[in-house]
1. Under a 1.4 angstrom probe, counting protein chains only, how are PHE8, PHE47, PHE62 ranked by accessible area, largest first?
2. Cut-off under 28 Å on the C-alpha distance; same-chain residues fewer than 8 positions from LYS2 excluded. Which lysines are left, in chain and number order?
Amino acid sequence: MKEIIGYFDGNTVQLLEDAPAVKQKVIVTFMDDDEAAFDDLPVGALFHYADAEKRNLEEGAFERAMVAKHGNG
């Protein structure tokens, strides 16, 4: 038995690890809605390219760009 962590967006499941390429039965367990458990997990179609070190730079990036553009800080 192998455990693989993923994220379910209400429509599809995005696996965060490679799954065996063999047809087999699976058990899906839904965790409690603890958003903090997924704060550090990259999700989406491009999650393979996510860089954890860049997350701090992304925090507030839009606000900084608007202040730089419009000067209303």
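1. Most to least solvent-accessible, the answer reads PHE62, PHE8, PHE47.
2. Partners found: LYS23, LYS25.
The values are calculated or read from the model by the stated rules, or taken from the named source; none is laboratory data. Keep in mind that what you see is a predicted model, and the values were worked out from it rather than measured. SASA here: full protein model, heavy atoms, side chains in, ligands and nucleic acids out. Shrake-Rupley method; radii C 1.70, N 1.55, O 1.52, S 1.80 Å.
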